[in-house]
1. Can you grab the distance from the C-alpha centre of the range 258-303 to the C-alpha centre of the range 86-109, Å, no decimals?
2. Counting Lys and Arg as +1 and Asp and Glu as -1, each charge on the Cβ, what is the dipole of the range 3-129 about the Cα centre in debye, to the nearest 20?
3. Starting with the fewest neighbours, write out MET23, MET269 ranked by other beta-carbon atoms found within 10 Å of each beta-carbon.
4. Rounded, prolate or oblate, given the Cα gyration tensor of the range 215-259, with a/c below 1.5 counting as rounded?
5. ³J(HN,Hα) across the range 229-246 via Karplus (A = 6.51, B = -1.76, C = 1.60, θ = phi - 60°), whole Hz, x for Gly/Pro?
6. Divide by every residue of the chain the summed helix terms, -39500 (n - 2.57) for each DSSP H run of at least 4, and state the resulting mean residue ellipticity at 222 nm, rounded to the nearest 500 deg cm²/dmol.
7. Can you give me the angle between helix 171-180 and the longest principal axis of the chain, using Cα atoms only, in degrees from 0 to 90, rounded to the nearest 10?
8. I need the shape label for the range 26-92. Rule: rounded when a/c is under 1.5, else prolate if a/b > b/c, else oblate, with a, b, c from the alpha carbon gyration tensor.
Amino acid sequence: MRVGISITSAYDVGDPREGARRMIARARAAETARLDSLFVGDHHATPRPYYQNTPMLGRLLAEWGDRPFGALYLLPLWHPVLLAEQVGTLASLGRGRFILQCAIGPADSQFSAMGVDPRERPSRFEESVSILRRLWAGEVVSHDGRWTFERARVSPRPAEPVEVWIGATAPPAIDRAARLGDGWIALPSLTPDQARSQIELYRERRAAHGLAGGLATLRRDVYVGASAEEARATAEPVVRAGYRGFPPEALVYGSAEQVAESFAALGAMGYGDVIARNLVPDPEKAVASTERLGKVRELVRTA
């Protein structure tokens, strides 16, 4: 099992530079911990500061090493030619392999703010995946559908093939991920029982489409404490406050050994990657937890 990180992009800060500094500090800690991958998310038209993925990832790569990295993109909101160019440039900045995390996104205010009909999300998504792969392969692409353009090409292109990991939770969306993606990303709010049933559905749908393998990834909101007692004292108030409306059993906190045990259980289900997100708001504790994920990674890999 591999252990990566998705760095929080939203911060309630008076000085917008402060949120950016916190992201940079967490990326530096992730590199110190030698985590296996680094990602940032995607959201638009937000009332609170949300640091946009392409420019922020470009800055974070100055802190990152030679391991895989990438970002989540809500594909229906991005013109595929522009996105293919953005990824090509980001891939040229990093020393590792670029991984595209993507999803159709919820039918919320982002779509009206960006002028996109949310009813078109599935068709825009599927068209985008096909167009992106053709552009990255060096084709000159014309398209007449949800996206309409003529004779597009992109350069620079990623030096290595881009893996496409698709986030999905509803059965039709998991089927789409199985059919179109190189990997599937499960929601962080899944309980262990839900995580088990969803990976079984993903494997079933891969087989139904005549496809072998397929990477299963799970995001988890995590706090790694200096000890089990310190982890409880830090994380339990956050959990009791109803963190993101998640079931408490979907959240992971404890000593490095306890967190590694939780991750190993997910690995036994078939998840090849756990992408950790920070559970606690305190910036210093978030950096310390990220650094301790390095020990979790070592424990999981030697188990």
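1. Result: 23 Å between the Cα centres.
2. Working: 14 positive and 14 negative charges, 85 e Å.
For the range 3-129, the charge dipole is close to 400 debye.
3. Numbers: MET23 20, MET269 16.
Taking fewest neighbouring Cβ atoms as first place, the list is MET269, MET23.
4. Numbers: a/c = 3.01, a/b = 1.16, b/c = 2.61.
It comes out oblate by the Cα gyration axes.
5. 3J(HN,Hα) across the range 229-246, in whole Hz: 5, 5, 4, 4, 4, 7, 8, 4, x, 5, 5, 5, 6, x, 2, 6, x, 6.
6. Details: 10 runs with 134 residues, N = 303.
My calculation for the chain gives -14000 deg cm²/dmol from helical runs alone.
7. Helix 171-180 and the main axis of the chain meet at about 60 degrees.
8. On the way: a/c = 2.41, a/b = 1.42, b/c = 1.69.
Oblate is the answer for the range 26-92, as a/c is 1.5 or above yet b/c matches or exceeds a/b.
Read the figures in this text as sums done on the coordinates, not as results from a lab. All of these numbers come straight from a predicted model, not from anything done at the bench. Please note: Cβ atoms are built from the backbone with ideal geometry, for glycine as well, and neighbour counts cover all protein chains shown.
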